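Asks: To start, I am sharing the structure in question, which I have written as structure tokens.
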Amino acid sequence: MTEAYRRETTAAARAVGADPGHRAVAPPIHLSATYRWEDPRIKPSYDYGRSGNPTRTELQGALAELEGAAGCVVSGSGMAAIDLTLCLVPAGGRVIAPHDCYGGTYRLFEARARKGQFDVAFVDQTDDAAYEQALQGGADLVLIETPSNPLLRIVDIERRAAQAKAAGAIVVADNTFLSPARQRPLELGCDIVVHSTTKFINGHSDVVGGATLAKDAAIAEELAWWANCTGVTGAAFDSYLTLRGLRTLFPRIAAQEASAGVIAERLHADKRAARVYYPGLKNHPGHDTAARQQSGFGSMLSVELGPEVDPIEFVKALRLFTIAESLGGFESLVCLPAAMTHASMSPEARRTAGISETLIRFSVGLEHCDDLLADIDQALAAAARGAPAYASTEQYAATACSG
């Protein structure tokens with residue numbers, strides 16, 4: 001696509017009808033591991049699948065357009081995408097990461113620091129004094145994750161990126177929770193954006209993948225070199241599925257976000273919920289910042305239930321929300337981060353991050369909002385200490401109004 005289109009059009013139309021071989025409307029999948037050379041002295045555009053693949057190229061081009069990046073590397077997972085950025089950190093360098101980042105990211109950074117590859121500081125990036133102190137003496141890479149996983153804390157990207165750059169750091173933003181449909185960190189001063197494309201970008205929970213995108217062409221080329229060198233590039237079939245999922249990113253996230261906002265408001269008004277974490281709520285500490293730097297509040301929310309509700313029984317009583325890790329798919333999921341997505345963090349690290357043993361995280365899907373509300377209501381009733389469970393959401397809906 002050479003013309004400047006709106007992002008919704010880029011997601012829907014990238015590579016459509018562009019097949020030079022057979023004029024296929026849907027972009028074909030190229031599964032070849034190796035490619036024919038016309039002359040052994042002249043390297044062709046594609047020579048080996050690890051280095052390049054036409055299907056992966058189309059996905060990389062689409063994601064680069066959506067994020068406003070100079071280049072993109074599609075990798076085999078979101079963790080591979082994050083690990084790829086660490087190739088830019090010099091030996092003995094210094095990395096600063098959020099104290100409440102995704103558990104897998106925390107585990108990776110901590111493990112590489114233990115091996116002596118670099119020093120890492122996990123910092124509350126919403127705390128001005130703590131962040132400024134961490135930057136004293138400089139930094140080589142700063143990772144920003146906003147909204148954070150799982151507490152939906154909001155970091156002022158523009159401000160924190162400027163501070164990090166003044167300290168000499170490359171600034172990386174994990175944009176998995178919002179996707180380029182709702183946030184564009186490169187426009188706010190970041191150098192690199194990473195995604196677990198498994199989540200919203202693919203949106204169908206049937207492929208694992210990642211993406212690392214750079215604003216500067218030189219950094220993009222360096223990342224591509226490291227990706228080829230280490231072999232973390234994504235497979236052709238995974239790229240094909242992810243590009244197909246990308247087509248519906250904007251309508252999916254709009255529908256999911258609308259339901260998440262209603263659910264958050266309902267839980268906020270429910271006395272059985274002690275605290276709701278959702279940036280769209282006006283009482284959220286990061287609401288104003290989120291409204292300024294995001295084009296929507298997303299479809300992720302977390303909640304702490306009151307003492308009269310057993311959180312384990314509540315999760316088990318849900319019928320439309322499936323207990324599972326991951327997020328951002330078409331289906332609604334629920335998890336207890338302390339026991340699932342953040343189990344690799346030590347109990348002390350989780351306490352420091354504010355991730356309690358009873359925190360519940362929701363990924364809101366495409367089911368009808370009223371049905372999701374009814375499911376939550378019946379599960380709250382079922383998990384009330386000493387109360388019997390309902391046989392189904394239909395049974396509960398017959399006895400209670402779900403507005």
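Asks: Please list, ordered by first then second residue, the pairs with beta carbon atoms under 6 Å, 6 or more apart or interchain, first in the range 41-61 and surrounded by 13 or more Cβ atoms within 10 Å (Cβ to Cβ) and modelled with pLDDT of 95 or more, second of a type in the set (A, V, I, L, M) and in a loop (DSSP other than H, G, I, E, B).
Replies: From residues that are surrounded by 13 or more Cβ atoms within 10 Å (Cβ to Cβ) and modelled with pLDDT of 95 or more, the pairs are GLY49/ALA33; THR55/ILE29; GLU58/ALA15.
Asks: So, one more: When you check ALA227 against the structure, is it touching a residue at least 24 places away in the same chain (Cβ under 8 Å), within 30 Å of TYR48 (Cβ to Cβ) and buried (at least 24 other Cβ atoms within 10 Å of the Cβ), yes or no?
Replies: For ALA227, the condition - touching a residue at least 24 places away in the same chain (Cβ under 8 Å), within 30 Å of TYR48 (Cβ to Cβ) and buried (at least 24 other Cβ atoms within 10 Å of the Cβ) - is not met.
Asks: If the requirement is being surrounded by 22 or more Cβ atoms within 10 Å (Cβ to Cβ), part of a helix (DSSP H, G or I), touching a residue at least 24 places away in the same chain (Cβ under 8 Å) and not assigned by TED's automatic domain parsing to the domain that holds LEU88, which of these qualifies: ALA290, ALA258?
Replies: Going through ALA290, ALA258 in turn, the sole match is ALA290.
Asks: Which condition number in (1) touching a residue at least 24 places away in the same chain (Cβ under 8 Å); (2) within 23 Å of the chain's Cα centre (by Cα) is the one that LEU135 fails?
Replies: (2)
Asks: Is at least one residue of the range 159-171 touching a helix residue (DSSP H, G or I) at 6+ places or on another chain (Cβ under 6 Å) and crowded, with 23+ Cβ neighbours inside 10 Å?
Replies: Within the range 159-171, one or more residues are touching a helix residue (DSSP H, G or I) at 6+ places or on another chain (Cβ under 6 Å) and crowded, with 23+ Cβ neighbours inside 10 Å.
Asks: Please go through the range 66-91 and pick out each residue that is of a type in the set (Val, Ile, Thr) and either surrounded by fewer than 21 Cβ atoms within 10 Å (Cβ to Cβ) or farther than 13 Å from THR233 by Cβ (or both).
Replies: Of everything in the range 66-91, those that are of a type in the set (Val, Ile, Thr) and either surrounded by fewer than 21 Cβ atoms within 10 Å (Cβ to Cβ) or farther than 13 Å from THR233 by Cβ (or both) turn out to be ILE82, THR85, VAL89.
Asks: Among the residues of the range 10-19, is any assigned to a helix (DSSP H, G or I) and within 23 Å of VAL194 (Cβ to Cβ)?
Replies: yes
Asks: Right, ALA18: free of Cβ contacts under 8 Å to residues at least 60 places away in the same chain and either within 26 Å of PRO251 (Cα to Cα) or among the hydroxyl-bearing types (Ser, Thr, Tyr) (or both) or not?
Replies: yes
Asks: Considering each of ALA324, ALA353 in turn, give the residue that is assigned by TED's automatic domain parsing to the domain that holds TYR277, out of contact with any helix residue (DSSP H, G or I) (no Cβ under 8 Å at 6 or more places or on another chain) and at pLDDT 95 or above.
Replies: Matching residue, one of ALA324, ALA353: ALA324.
Asks: Continuing with this model, one more query. Taking the condition in a loop (DSSP other than H, G, I, E, B) and either free of Cβ contacts under 8 Å to residues at least 24 places away in the same chain or within 16 Å of the chain's Cα centre (by Cα) (or both), does THR341 pass?
Replies: Criteria met by THR341.
Asks: So, one more: Looking at the range 83-131 only, could you name the residues that are basic (Lys, Arg), part of a helix (DSSP H, G or I) and without any contact (Cβ under 8 Å) to a residue 12 or more places away in the chain?
Replies: The answer is ARG114, and nothing else.
Asks: Right, something else. Being aliphatic (A, V, I, L, M) and touching a Gly at 6+ places or on another chain (Cβ under 7 Å) narrows it down to one of ALA224, ALA181, ALA269, ALA211, so name that one.
Replies: Residue meeting the stated conditions: ALA224.
Asks: Looking at the range 138-158, which of its residues are surrounded by fewer than 23 Cβ atoms within 10 Å (Cβ to Cβ), in contact with a Gly (Cβ under 7 Å, 6 or more places away or on another chain) and under 26 Å from ALA260 (Cβ atoms)?
Replies: LEU151, GLU158
Asks: Considering the range 189-200 alone, what residues qualify as being under 21 Å from LEU88 (Cα atoms) and in contact (Cβ under 8 Å) with a residue 60 or more places away in the chain?
Replies: Within the range 189-200, ILE192, VAL193, VAL194, HIS195, SER196 meet the criteria.
Asks: Could we say that ALA80 is assigned to a helix (DSSP H, G or I) and assigned by TED's automatic domain parsing to the domain that holds LEU143 here?
Replies: yes
The values are calculated or read from the model by the stated rules, or taken from the named source; none is laboratory data. What you see is a predicted model, and the numbers here were worked out from it, not measured in a lab. Glycine gets a Cβ as well: all are built from the backbone with ideal geometry, and neighbour counts include every protein chain shown.
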